[in-house]
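The structure appears right after this line, and notes come after that.
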Amino acid sequence: MLSYSLEDQAADLNVIAEFLARRDIEQLVPHTPSTAAGASEAHAAGDLLILAGNSLPCTAAMAAAALDAGSVPELLITGGIGHATQYLRDAVALVPQLQHIVTADRPEADIMADMVSASRQHSHVSSDGRVGDCSTSQYTATERPSVLLESASTNCGDNAVKSVQLLQRLNTRPGTVVLMQDPTMQVCCVMLLLASPSAVLLTVLSMSTAELYVMPTASAHVPDHVLPVAALCL
């Protein structure tokens, strides 16, 4: 009988995790901030960042950082109320900086918009439903980064379809879209976006907020740059 050790199991699962947590961009937010005047041009990763509803607060924080760094000019948050929305509410309740956010009976997009705003300064919601940023000096009043909300979708596939429909209604054709989701859902969401009927997206880049790492044991050392997602223990 062949032996299949915990270490071998973890190694195989990490191969799958590396595939799922696809990262087409090495670095979305620069470690060293550039001057305000050059930030947008120097680090532009795409025309639009789509943040799909999930239960990881770090994704909202990364999206906020990308806007502030000028890596993307606009953010679309997609997510209504679905089977996993309660996990997001539970996650928000565990983060002291986010506990002021009302989550009951609210769609994921609205909750995550508040999470993004909590990570930024001087944000406001404008009359057209966009969350505009008032603190980024390199943009004019009409060009400031903004957040578009799609709050009717109820699952990952619906996120993709309704995001594309929203862009169509706005007559927007972003050349390059950066997608951010729970790392385990990155590849799935990219494929769903590209397969959406009448897709207006030319290029979709996957940006996992973390590499995934399955620990062979609960006490295993985890590298600083990865996210431990499970421990295989007897």
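Tell me which strands (runs of 3 or more DSSP E) are completely within the range 102-204 and hold 1 or more residues being at pLDDT 85 or above, or say none if there are none. First the steps, then the outcome.
Numbers: elements: 123-125, 131-133, 146-150, 176-180.
Per the criteria, 146-150, 176-180.
Quick check on the range 65-73. Is at least one of its residues surrounded by fewer than 20 Cβ atoms within 10 Å (Cβ to Cβ), among the charged types (D, E, K, R) and within 24 Å of Ala160 (Cα to Cα)?
So far as the range 65-73 goes, no, none of its residues is surrounded by fewer than 20 Cβ atoms within 10 Å (Cβ to Cβ), among the charged types (D, E, K, R) and within 24 Å of Ala160 (Cα to Cα).
List pairs: first residue in the range 5-31 and under 11 Å from Thr209 (Cα atoms), second residue of a type in the set (A, V, I, L, M) and modelled with pLDDT under 75 anywhere in the structure, Cβ distance under 6 angstrom, at least six positions apart or on different chains.
Ala21/Leu212
Please tell me if His31 is surrounded by fewer than 18 Cβ atoms within 10 Å (Cβ to Cβ) and either at pLDDT 90 or above or in contact with a strand residue (DSSP E or B) (Cβ under 6 Å, 6 or more places away or on another chain) (or both).
Details: surrounded by fewer than 18 Cβ atoms within 10 Å (Cβ to Cβ): yes; either at pLDDT 90 or above or in contact with a strand residue (DSSP E or B) (Cβ under 6 Å, 6 or more places away or on another chain) (or both): no.
The answer is no for His31.
The values are calculated or read from the model by the stated rules, or taken from the named source; none is laboratory data. Model, not experiment: these values are computed from the prediction. As a convention, Cβ positions derive from the backbone with ideal geometry for all residues, glycine included, and neighbour counts pool all protein chains shown.
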